[in-house]
Structure formats: structure tokens, C-alpha cells
1. Tell me, yes or no, whether region 38-59 has at least one residue that is within 18 Å of E104 (Cβ to Cβ), of a type in the set (A, V, I, L, M, F, W, C) and in contact (Cβ under 8 Å) with a residue 24 or more places away in the chain.
2. Need pairs with beta-carbon distance below 8 Å; first residue touching a residue at least 40 places away in the same chain (Cβ under 8 Å) and part of a helix (DSSP H, G or I) and within region 108-121, second of a type in the set (S, T, Y) and open to solvent by less than 70 Å² (accessible area, probe 1.4 Å); sequence gap 6+ or separate chains.
3. Give the residues of region 28-75 that are β-branched (V, I, T), in a helix (DSSP H, G or I) and in contact with a Leu (Cβ under 9 Å, 6 or more places away or on another chain), sorted by residue number.
4. Go over the candidates R100, R112 one by one and state the one that is farther than 18 Å from Y46 by Cα, under 17 Å from the mean Cα position of the chain (by Cα) and open to solvent by 40 Å² or more (accessible area, probe 1.4 Å).
5. Report yes if some residue within region 3-22 is in a helix (DSSP H, G or I), at pLDDT 95 or above, open to solvent by less than 90 Å² (accessible area, probe 1.4 Å) and under 23 Å from A73 (Cβ atoms); otherwise report no.
6. Anything in region 46-87 that is over 23 Å from the mean Cα position of the chain (by Cα) and surrounded by 15 or more Cβ atoms within 10 Å (Cβ to Cβ)? List them, or say none.
7. Could you identify the single residue in N109, N71 that is in contact with a helix residue (DSSP H, G or I) (Cβ under 7 Å, 6 or more places away or on another chain) and closer than 17 Å to G26 by Cβ?
Amino acid sequence: MNAKKMLGDIAGNRTEKVLTEVMIVGSAYAAQITPVHTSTLVNSMYRQLKPVAGGMTGRVGYTASYAAFVNAAEGSLKGTPRPDGSGNYWDPDGEPDFLRKGFERDGLNDIRETIKRGYKL
């Protein structure tokens, strides 16, 4: 009886909480390396958690129309001055592929710890 209750908790509430925490951790790391010129991009970040067949899925992204283009940019202009004199490209700490790097590079250890802590019995 207790095992059934515990499995239900793991499949439902606990997974929802762990996925939410993973999205928060990863998006915080991504925000640190998101290029900031006018703050529109970094302020357009969103998190979405929804049930799917057999589990839950989490999604982090940006609603700014140009977000995918900036994230996929090569970064070859990094450090060069902008033509309008408003600083340098990718300043202050922006990096190309910032969303993936926030989850898979910079935040990976913290995400693993979050998952271990969340599913600890």
C-alpha cells in the first residue's frame, strides 16, 4: 500500500516539482550568459510544464521574436563595437548557444544534484 502511494507521488507531484526546479536552475544559468543590450531578450524568458502521455515535459524558451536567431548566432562579432556606439556585441557576458549551455554546460552539476535531491526516498 505504501509503495503504491510512493510511486504515485513520484509519478505526479514529485516529478512536477523536480522538473520545475530543474527548469529554474537551468534558466538561471542561461540568463547569466544571455546577451543583454536592451534586456528585452532576457526578460522574455518563460518556463512551461505540461503533462504528456506517460509523464511530464518542461520547456524553457524566449518569446522575443529574434531569440532563436541570437541563440544560433556564431558569435564572431563578440567584443566588436556596435555601429550605433552602444557597447560591444554580446556584452557584457553573452555567449552564442546560451540556452543549451545554461542547461548542459554551466548548470549541469546543479541540475544533477536537484534531481538526486528531489527523488531521494
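1. Of all residues in region 38-59, those within 18 Å of E104 (Cβ to Cβ) come to 45, 47, 57-59.
From the residues that got through so far, the ones that are of a type in the set (A, V, I, L, M, F, W, C) too are 45.
Now restrict to residues that are in contact (Cβ under 8 Å) with a residue 24 or more places away in the chain: none.
Looking for residues that are within 18 Å of E104 (Cβ to Cβ), of a type in the set (A, V, I, L, M, F, W, C) and in contact (Cβ under 8 Å) with a residue 24 or more places away in the chain, one finds none in region 38-59, hence no.
2. Hits for this filter: D110/Y29.
3. Step one: list which residues in region 28-75 are β-branched (V, I, T), which gives 33-34, 36, 38, 40, 42, 52, 57, 60, 63, 70.
Restricting the remaining residues to those that are in a helix (DSSP H, G or I) gives 40, 42, 70.
Of everything in region 28-75, just one residue is β-branched (V, I, T), in a helix (DSSP H, G or I) and in contact with a Leu (Cβ under 9 Å, 6 or more places away or on another chain), namely V70.
4. Values: R100 fails: farther than 18 Å from Y46 by Cα.
Every option except R112 fails the conditions.
5. no
6. none
7. On the way: N109 fails: in contact with a helix residue (DSSP H, G or I) (Cβ under 7 Å, 6 or more places away or on another chain).
Testing whether each residue is in contact with a helix residue (DSSP H, G or I) (Cβ under 7 Å, 6 or more places away or on another chain) and closer than 17 Å to G26 by Cβ leaves just N71.
The values are calculated or read from the model by the stated rules, or taken from the named source; none is laboratory data. Just so we're clear, the structure is a prediction, and the values are computed from it rather than from any experiment. Positions of Cβ are generated from backbone atoms using ideal geometry, with glycine treated the same way; all protein chains shown enter the neighbour counts. All accessible areas refer to the heavy atoms of the entire protein, side chains included, with ligands and DNA or RNA removed. Shrake-Rupley method; radii C 1.70, N 1.55, O 1.52, S 1.80 Å.
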